[in-house]
Structures are given as C-alpha cells and as structure tokens.
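The values are calculated or read from the model by the stated rules, or taken from the named source; none is laboratory data. The structure presented is a predicted model; accordingly, all values stated were derived computationally and were not measured. When we count neighbours, we look across all protein chains shown, and the Cβ atoms used for this are built from the backbone with ideal geometry, even at glycine. What goes into the accessible areas is simple: the full protein's heavy atoms, side chains included, and nothing from ligands, DNA or RNA. Shrake-Rupley method; radii C 1.70, N 1.55, O 1.52, S 1.80 Å.
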Amino acid sequence: MPFSGPTFTFILGFITASVFWWLMGRMQPLWREIRENWRISREAAKARRSSGVEENHRRNTLRRAQGMHLAASLFALDEIIETPRLLAPPHRAIPGAPPITEDIVARTLPYMPSWPELAAVYQAPTLSLGQALSGAVNLVITGQPGTGKSVALAYLATLAANRDPALGNLSEAVPFLYHVADLRLPEGEIKEVLNPILDAVSEQAPVLDLTRLPNFVEYTFKNGQALLLLDGFDELSPDEQVRVNSYIKAVLGTYPNLRVVTTGCPEHLDGLVKLGFEPVALMPWIVKQQEEFIKKWGDLWTQTVAMESWSQETASQHNEIDPLLINTWLSTNNRTLTPLELTLKVWAGYAGDSLGPDILDAIASHIRRLAPQGTPVAALETLGMQVALSSQALFDSRSAREWVKNFELPEDEATNETKSEITEEMAVNGEKQKTGPLLQKGKTAPVGKTGAVPASSSLLSKMTDSGLLVSHPDNRMRFLHPVFGGYLAGRALAAVNADSALLQQPDWTGKLMAMRYVAACGDATGLANAMLQQAQMPLQRSLFTAARWLRDAPREARWRGRVFAQLAGLLQTEGIPLTLRAQTVAAFYWSGDPGAAPLFRQFLRTTSFELLQLAALGSGAVCDSKTIDQLSSTLFAPSPSAQRAGCLALVAIGTAPAMESVARGLLHGEEDLRRAAAEALANDPNEGYAMLREGITLADILLRRAVVYGLARVDEEWADEALQHIRVEDDQWVVRNSASEVLDSKSEPDLRVPRPLTTPSETPWLIEFAGKQGVGISPGSPATEILTTALKSEIEEERLAALPYLKRTPSEGVIQSMYHAMYRDDPEMREAVFLVLCELAAGGVKLPVPEKFGLG
C-alpha cells in the first residue's frame, strides 16, 4: 500500500537528515582543515603587517644597545666590546647518569659566584650567553657594580636584533631591552601586563608604526618569540624590587613562553629565585682581555677621537705621546679592576685629564668630565648622599630639586658661569687636593637621555644633558651608574656621622656602594665594627661586605686589621665549606694588600691539605715568586687537590723557574700529576702553549696523553686541529682514545648549562627512590618529605640530586636538614649545601644560625 502523505514526508525528511548529518560527519576533517587554514592565513597576514614594525623595532633596539655602555659618546659597543662570558655553574647531579670529567680548575677551585675574581685568575670554565640561554630557563646575570652586567644585556640584545646564530634556537627572538625605570609599573593590580612594555616601545618607535605596535607586541609575546631584557634590577632598593618582581610574575603568568634576562647583585636577588630565575655570575676579564681592550681603545682613539679639534689642541699642549707607551703604562696594576674601572683609567690616560694614579682618581676624573661646567662638588655629593639615605636609586626630580636648591645659581649668573673660574676641593683617597673648574671646556662627553621627561631644576637639567644623570618617564631620574652615585654619597657621608642611618637600611646596592666609598674617603671604623659584629655563620655575609672595602681604603685605616684578622681566622677553620674559606682567599687577593703574600707563604707550611690547597691558590693569585720552592714541593704532596693547586699557582706566577717546575712535573710525575701540569699550562698562552705543542711530538705515551687534556682547555683553532690529528695519527690507542673522548665532549651539550627541573612526579630517580621507601608521589606535590629522606640517603648522587628540589620549599625543617648535611663529614655535600644556602639567602630567606640546631 502506498505511503500516505504524512508518512512519506516523515521518511523523506528522516533520510535527508541522515544523509545530511552523514555528510557533515565526513566533512568534519575538511572543516577543521579549512578553519586551520583560515587561522594560519590570518596569522600570516598579521605577521606580514607586523614584519615592517618588527624590523624597525630591531633597528631601534640595536641602536639602543650600541649606546648602552660608558664610552657610548666615543665608540659604538661593537667597536670596543670584549665578549661577555658567564662563570659556568657546577653540573647538576643525576643519579644513574654517566660520570662527568671536570677540568683542573673545576676540581680545584670552588665555585664562588659572589667572588669570581679567582675564577678569572685561573680561567675557570665559562659559558657564552647563547649557551646559558639554551637551557630554556630565565636568567639573572649577577656581579658587583661595574662588572659589565648592562653591557652583557646590550650585547645579548645586539645578537638577537641581528638574528645571530650564536643564540641558537633564540636567534629569531625579538629583543625588548629596557631599564626597569623605563617601565611605568602601576602601584596596584596589573590588568594589562603588556601596557608598560608597549609604552616603552612606543617611546622610540616611528610615528607610522604606533597604530600597529599593540598587535606586534601582543603577537610576539603570545607566540613565545619575545626576549625581555630588563636592566637595572640590581640597582633597586628591596621595596622597588618588589614592584618589579610582581610585574615579572604577572607577565610570566600570562605569557609562560616568554624568556627573561635581568641583572642582579649576587647577595640580593629578592623574589627572582622564587620565580625560577637561575643566577649566573658574570666572569671578570682575564689579563688577555684587559690587554685587548686597552689596545682596541688606543687604536680607536687614534683613528677617531684624536682627530677632533679639541683633542688635537690638548695633545699639542701636552706633547703627543706614542700610544704604545701609553698602553704599556696602562697595562700595569689592573688585575682587580672591573671593566668600568679599567675603562675610566684608560679614558683618563688617553684624555690626559686624570686627577691621580688610583682608581678613585679615575672615578673622580670621569665625574668631573661629565658634570656641567662650574657645578659645585657639594651639589653632586649632596645629591648622591640623599639618594643613598632615602634608599631611592630612582628618585623623583621634584625631590632632587629640593635637595640641591641651595646650589642653584641665579639665571644671570648661570648664563655667565662659563666665564668664571671656580676652584673646587675634591677628596681623593681621603686627602684634599685643589683642582681647577669641575669640568674643563671641551671634555664633556654627554651620554644622552633615555626618557623624555626633563628635570624641573636647571642644575638637574644640565646634569641630565651632560649625561651624569639619566631621566626616565614619570619624573624619575637616576645616576648614570651606581658607582658614580655611590662614590659621591661616600664622599659626602665620610664628612658626617651617618653610620646608623646606613646600617638601619636593608642591604641594597646604593647602601653597599656608599659604605664602600665612605671607607675609601673617610673613617669607617664604626661601620666596620658593626659589620664584623653582625657576621655569623653559615655565610658570614657582613664580613665579606666589609672585605669589599679593603682595596680602596687607606692602608692606615684602623679597622683593616680587624677585618684581615677575621678573614684569616675563617681561612684556617677546618670543617666548614671550602667555598667559604676560598672566599677569604679571594678577599685577600682583591684587597691588594702587601701582607697577603706573607700570609699565604706561612700557610704553605701547614699540614692541612685543604689549607695547603687554598694557600697555593692564594700565592698564585698574588704572583708571589718567593713561594716557587714551596709550591714545587706541593706537586708531590699526597693530596691530588694540593698537587693541582700547586700546578695552577706556578703557571699563574709564570716566571722561568715556576714554569720549569711545572715542566718537570709534566715530564717525570705520576699520571695524575702529568695531567694536572698539562691542564695548568693551558692557562699560559706563551710558554704554556709552547710546551704543549712540543709535548705532542715526544715519545712518552703518558706525556702525550696528558697533553691531550691540556689541549682540551685551549680555545684555539690550532689546538682543535692538533687533537684531530692525534685522534687519527697517533700510534698509541690510549692516546687516540683520549683525543676522541675530548673531541666528543666538546660536541655534546654542556651539562653545566642551567636547565629547568622536572616535576618530582616525573623525575625517574625520585620515583624509583620513593618506590623503595614504599610511597608514591602525587602529581603537583612538592614531595618535600621524600626529598628530605633522600637528603639522608647512603647514595651520594641521591643526596646531591635532592638539593635543587628542596631549594623550592625552604621551610625551617628543610633548612635544618640541610645544615645537618653540611656539617657531616662529606666534603662534596658540604659544598653543594653551602651553595644552595647562598642562593636561598640571596633570594630573601632568613637563615638561622647553625647553633640553633646544635651545630657549628
């Protein structure tokens, strides 16, 4: 029977709907593909629209980076830079992983990120900035003021702006390089996290790009292409750092694929450690770099600056001197100078406007060079003092006007001040000396402003125009460099009794620099006594703060003896971390005091192998040639560490008798001594390299094998070619295998590169350890209890591997467990715990004294 009308309609509708939904189901992949193509097309169009903006931004960033150094008024950064390197941190222990062979320095000299000066003397392993970033973690570059942290950021921005392959997988990253003062950070909750960065980008962008900048910035951050480089975090007071930390946390929370690099003071990284930043210490310049810098400066000065009319006029007045003679003179007594200090010394040497032979004179010369003509010294010192006492590295221009208003000249006098001869008194090394006008005509080297907001005072405006001050948005200002502000503050505070005001402040760079220059320019007995009373285990931070004052302070200062005595006592204390004791060696070396050499000489007679090792390293650092016989005897001590330290020290001294002693160890020593001698010779590019070249050709198998490890430390093309030749051509398989091992290790990823930790629930060794304890690890759990148990494991690798995780949860119980581990008779664990405690303290954790737990 034929279907009735309603039934037929129902069946037809059912069939049609079924076919329709069947077709829709089959077309789902096609629809997904179409939507994906639309999305890709939109993003490609967006990328095309922003490509021009990106190129303009890269050019602006490059221009900014090339001017972010002290001598920017004379040379571009690329013309004068010495490539920054980072001190390689110890590799992270991984239970079950193959053992790692360290070089002689890593096995002999403790890792001291707060005192890296000895690492430069002995040429410890380093990382390039590209290598350090390859581990996919955010970095904070640490170092004392003047060590080149800002230049390192500028160099990194230059690499990124130029898409340099040296950055590896970050070669296409888009750099955003700013001082923290360039960001208008809100007081309260941050709603639009990119607005401060967008405002900073807009300051330098072409007008035609302004409408397209928001999309470009958002697109770059969203797609993980942004590389945020924040300068100036190390300059801020703790309160100011809290705001910046909150902002960084908000940005990383919104854009987790963002990479951030900032700067920090080694002992004060408040908040950054909690955000997962890895501290990496900037490596001081070695002697070779200092010599290259001086030569480079001389060449550029002769080719460019010397051609200026004012320079030729000055040269004719002083009878032009051969640059070779100037370079020879400038190359002496530089070993403890920071890059900033060496720059000031060389600049003053070539400009002929030095106020004296000391580094304090070089600082005073540059301040005079920068300050507006006729500016009263008291005005500069008052400004520096108020910045230090108010804990405001970034100060409001309106406040600054009040600070210096008594030094303002009436307008008619101000316009005619260039006609007057003003004589100022400048205290240099605690002595008063007469100088001419604070700034001589023709010597101004303006660095330029980075912000568009002028100071409201004519005197402040002139300081900003001359480059001594830098203006930023929202009426904020700062000194061009914290060293200049600290120096001026120290000079002013040395004349008043402001010890209590400084000591009541929390530690920050401005306070520490002011105290350092108070000690250099006045009587710091009260400050030193207070610091020594505050010094306590496990870190002795106050003692080492005072130790930083020793180099520039007058030799007759009453407090020096107490600081040296406390350092010497700590150096001799057994059972405490070797790293802590080695820091005292670095402090003696840094001080430049003539009493350091006899002290190390005396300790070379000790029966303690640890003290012998440290005394040898100290003697080599101060280049004490009177210790050559004693150091030669350490090559045959029953302690491998003492043998290695002796080899390194003799090569550092570098005289013919010292090198002959190392050569005897290479030729006639046991296998371990031969290797130590060969690796130590790699630190000497003259006699050392020559000995290694000759050693390759000798018949002694053990000698050639030792030379292979020495060549591994030589970062030269000829050394790599020699190793390749040995791997193929040497007639002894043991030598060929060593060459292959060395070459293979160079091509593998560096295990010292900082990398993020896996979560406890996804960490194989911890899961296995927990299983042996009969427990599991829940996803997202910090696993503190099982990690604390691992800290007491009988397997050393498990104890060491637990520390980086426990650093994330520094409760009192965790710290107590760390203290007990540090005071056990386990040298490697002791050093590892000490480094973790240093990092926790830098991150703001208040460490109790060991006596609280019955230790110490």
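At-a-glance table
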quantity: Residues that are over 25 Å from Gly575 (Cα atoms) and open to solvent by 30 Å² or more (accessible area, probe 1.4 Å), drawn from region 604-629; calculated: Val622, Cys623, Ser625, Lys626, Asp629
quantity: Condition broken by Ile141, with the remaining ones in (1) surrounded by fewer than 23 Cβ atoms within 10 Å (Cβ to Cβ); (2) outside any helix (DSSP H, G or I) satisfied; calculated: (1)
quantity: Output for region 188-206, where each listed residue is in a loop (DSSP other than H, G, I, E, B), farther than 14 Å from Tyr247 by Cα and open to solvent by less than 30 Å² (accessible area, probe 1.4 Å); calculated: Ala205
quantity: Qualifying positions in region 362-373 - over 28 Å from the mean Cα position of the chain (by Cα) and either open to solvent by 10 Å² or more (accessible area, probe 1.4 Å) or under 22 Å from Pro554 (Cα atoms) (or both); calculated: Arg368, Pro372, Gln373
quantity: Leu167 being over 17 Å from Ser134 (Cα atoms) and of a type in the set (A, V, I, L, M, F, W, C); calculated: no
quantity: Subset of region 457-512 that is β-branched (Val, Ile, Thr) and part of a helix (DSSP H, G or I) - its residue that is nearest to Pro376 (Cα to Cα); calculated: Thr464
quantity: Total residues in region 345-361, condition of a type in the set (A, V, I, L, M, F, W, C), open to solvent by less than 20 Å² (accessible area, probe 1.4 Å) and either under 18 Å from Ala489 (Cβ atoms) or not in a helix (DSSP H, G or I) (or both); calculated: 1
quantity: Any helices (runs of 4 or more DSSP H) falling wholly within region 532-643 and containing at least 3 residues that are closer than 21 Å to Ala677 by Cβ; calculated: 609-621, 628-634
quantity: Yes/no for Thr263 being within 25 Å of the chain's Cα centre (by Cα), within 25 Å of Thr158 (Cα to Cα) and either among the hydroxyl-bearing types (Ser, Thr, Tyr) or in a helix (DSSP H, G or I) (or both); calculated: yes
quantity: Some residue of region 208-216 being open to solvent by less than 50 Å² (accessible area, probe 1.4 Å) and in a loop (DSSP other than H, G, I, E, B); calculated: no
quantity: Matching option when the condition is in a helix (DSSP H, G or I), free of Cβ contacts under 8 Å to residues at least 60 places away in the same chain and open to solvent by 50 Å² or more (accessible area, probe 1.4 Å), among Thr789, Thr758; calculated: Thr789
quantity: From the options Glu660, Glu679, residue that is open to solvent by 10 Å² or more (accessible area, probe 1.4 Å), in a helix (DSSP H, G or I), acidic (Asp, Glu) and at negative phi; calculated: Glu660
quantity: Residue check for Thr525: open to solvent by less than 20 Å² (accessible area, probe 1.4 Å) and either closer than 17 Å to Gln392 by Cα or among the polar types (S, T, N, Q) (or both); calculated: no
quantity: Yes/no for Leu185 being open to solvent by less than 40 Å² (accessible area, probe 1.4 Å), among the aliphatic types (A, V, I, L, M) and in a helix (DSSP H, G or I); calculated: no
quantity: Close pairs from region 264-290: first at negative phi and open to solvent by less than 30 Å² (accessible area, probe 1.4 Å), partner part of a loop (DSSP other than H, G, I, E, B) and among the basic types (Lys, Arg), Cβ under 7 Å, at least 6 apart; calculated: Met283/Arg85
quantity: Among the candidates Ala65, Ala47, residue that is among the aliphatic types (A, V, I, L, M), open to solvent by less than 40 Å² (accessible area, probe 1.4 Å), in a helix (DSSP H, G or I) and modelled with pLDDT of 70 or more; calculated: Ala65
quantity: Filter result for Ile726 (open to solvent by less than 40 Å² (accessible area, probe 1.4 Å), part of a helix (DSSP H, G or I) and of a type outside the set (Lys, Arg)); calculated: yes
quantity: Tally of residues being farther than 14 Å from Ala152 by Cβ, not acidic (Asp, Glu) and not in a loop (DSSP other than H, G, I, E, B) across region 81-120; calculated: 8
quantity: Residue within region 176-186 that is under 19 Å from Leu394 (Cβ atoms) and without any contact (Cβ under 8 Å) to a residue 12 or more places away in the chain present; calculated: yes
quantity: Lone unmet requirement of (1) within 27 Å of the chain's Cα centre (by Cα); (2) open to solvent by less than 30 Å² (accessible area, probe 1.4 Å); (3) at pLDDT below 90; (4) not hydrophobic (A, V, I, L, M, F, W, C) for Lys443; calculated: (1)
quantity: Members of region 217-237 found to be open to solvent by 30 Å² or more (accessible area, probe 1.4 Å), touching a strand residue (DSSP E or B) at 6+ places or on another chain (Cβ under 8 Å) and not in a loop (DSSP other than H, G, I, E, B), listed by number; calculated: none
quantity: Region 387-402, subset touching a Ser or Thr at 6+ places or on another chain (Cβ under 8 Å) and open to solvent by 50 Å² or more (accessible area, probe 1.4 Å), residue nearest to Val518 (Cα to Cα); calculated: Gln392
quantity: Those residues of region 528-543 which are within 23 Å of the chain's Cα centre (by Cα) and free of Cβ contacts under 8 Å to residues at least 40 places away in the same chain, in sequence order; calculated: Ser542, Leu543
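Rundown of residues vs (1) modelled with pLDDT under 95; (2) within 28 Å of Leu635 (Cβ to Cβ); (3) in contact with a helix residue (DSSP H, G or I) (Cβ under 9 Å, 6 or more places away or on another chain), yes/no style:
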| residue | (1), (2), (3) |
| --- | --- |
| His725 | yes, no, yes |
| Asp730 | yes, yes, yes |
| Asp750 | yes, no, yes |
| Arg755 | yes, no, no |
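Table: residues versus (1) within 17 Å of Glu102 (Cβ to Cβ); (2) touching a residue at least 24 places away in the same chain (Cβ under 8 Å); (3) assigned to a helix (DSSP H, G or I).
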{"site": "Asp715", "(1), (2), (3)": "yes, no, no"}
{"site": "Glu721", "(1), (2), (3)": "no, no, yes"}
{"site": "Val735", "(1), (2), (3)": "no, yes, yes"}
{"site": "Val753", "(1), (2), (3)": "yes, yes, no"}
